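One structure is given below, encoded as structure tokens.
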Amino acid sequence: MELLQKIGSIEKDALAETMHQKGYAILNEILTNEQCDELIKNYDQSELYRKTVVMERYRFGLGAYKYFNYPLPSIINNLRTSIYPILAPIANTWMRALNIEISYPTGYDEFLKLCHDNAQTKATPLILKYGKGGFNTLHQDLYGDIYFPMQMVIFLSDPEIDYNGGEFVLTQQNVRAQSKAIVLKPKKGDILILTTNFRPVKGSKGYYRASMKHGVSEVHSGERYTLGIIFHDALT
Ligand SMILES: O=C(O)CCC(=O)C(=O)O
Ligand SMILES: [Fe+2]
């Protein structure tokens, strides 16, 4: 099946329900091994990227990532534009639950225009590489006032085959409580959809904002690559 066909066959209601219940969801086997390997192979094609960040320089962790430049590789563009319309209604439900006056447009072009009108014009999709000892500290990917509350991580390496350790870690901070940790190990080709900043969680007095962060635990051996797709563009 072609990529867009696979995305077309995603069970939208089930995905929405999982996002409402948990704030994350895994879509299994969306990219082929060949598509993953191609993205990894292009890690060294410097003309594809606008900026490289060596994580230890900023104490973000240990490893490196590169932001793609426009025009994006077609696979990244296809993923962004085809998955956004599935997530926009979920995002709108979240904003309504939290009484936030934000309504996300149904089409991705319109959302990007909103970013561009607010000076957020730089591409944010990125490829990340971690070797032995690599990790990514807990963070949120916000790049300006305009944000989309969900993002994707595509797993390009196989756990236990290409690397050990390197679990994906999500934390959820509930009001008046310590953070809850969620540890995930998706397989090569899987897409993880996660909460970028906060999501509604039902409490005794209605919905409140549960803040979420994500990061990566230490890689014990091998190499781990991921592709991050954030929907909003960046100021810089
Ligand atoms: O390497 C990972 O799994 C984390 C990637 C990440 O932080 C992101 O894509 O925003
Ligand atoms: Fe991130």
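The values are calculated or read from the model by the stated rules, or taken from the named source; none is laboratory data. These numbers come from a predicted model, not from an experiment. Every residue, glycine as well, gets a Cβ built from its backbone with ideal geometry; the counts of neighbours run over all protein chains shown. Surface areas here come from the heavy atoms of the whole protein model, side chains and all, with no ligands, DNA or RNA. Shrake-Rupley method; radii C 1.70, N 1.55, O 1.52, S 1.80 Å.
What to note about this one:
- The set of residues from region 115-137 being more than 30 Å from Glu34 (Cα to Cα) and either surrounded by 15 or more Cβ atoms within 10 Å (Cβ to Cβ) or of a type in the set (Ser, Thr, Tyr) (or both) comprises Cys115, Gln120, Thr121.
- Matching entry among Gly133, Gly144 (being at pLDDT 95 or above and either more than 16 Å from ligand 2 (Cβ to nearest atom) or in contact with a Gly (Cβ under 7 Å, 6 or more places away or on another chain) (or both)): Gly133
- Hits in region 71-99 - residues which are among the charged types (D, E, K, R) and open to solvent by less than 20 Å² (accessible area, probe 1.4 Å): Arg80
- Hits in region 115-130 - residues which are touching an Asp or Glu at 6+ places or on another chain (Cβ under 8 Å) and more than 12 Å from ligand 2 (Cβ to nearest atom): Cys115, His116, Asn118, Gln120, Thr121, Lys122, Ala123, Lys129, Tyr130
- Test for Leu112: is it within 20 Å of Leu48 (Cβ to Cβ), away from ligand 2 (no atom under 16 Å from the Cβ) and surrounded by 20 or more Cβ atoms within 10 Å (Cβ to Cβ): yes
- Residue match in region 59-70 (condition: open to solvent by 50 Å² or more (accessible area, probe 1.4 Å), free of Cβ contacts under 8 Å to residues at least 40 places away in the same chain and more than 16 Å from ligand 1 (Cβ to nearest atom)): no
- Filter pass, Ile154 being touching a Phe, Trp or Tyr at 6+ places or on another chain (Cβ under 9 Å) and of a type in the set (A, V, I, L, M): no
- Of all the numbered requirements in (1) more than 16 Å from ligand 1 (Cβ to nearest atom); (2) within 21 Å of His139 (Cα to Cα); (3) part of a helix (DSSP H, G or I), Gln120 misses one, and that requirement is (3).
- Residues of region 93-102 include none that is in contact (Cβ under 8 Å) with a residue 60 or more places away in the chain and within 19 Å of Ile191 (Cβ to Cβ).
- Residue list for region 148-167, restricted to those being open to solvent by 10 Å² or more (accessible area, probe 1.4 Å) and of a type in the set (S, T, N, Q): Asn164
- Entry remark, region 1-28: residues being outside any helix (DSSP H, G or I) and loosely packed, with under 13 Cβ neighbours inside 10 Å number 5 in total.
- The set of residues from region 183-236 being of a type in the set (Val, Ile, Thr), within 14 Å of ligand 1 (Cβ to nearest atom) and surrounded by fewer than 17 Cβ atoms within 10 Å (Cβ to Cβ) comprises just one member, Val183.
- Filtered by the rule that a residue be farther than 19 Å from Ile127 by Cβ and part of a loop (DSSP other than H, G, I, E, B), region 70-100 gives Leu98, Asn99, Ile100.
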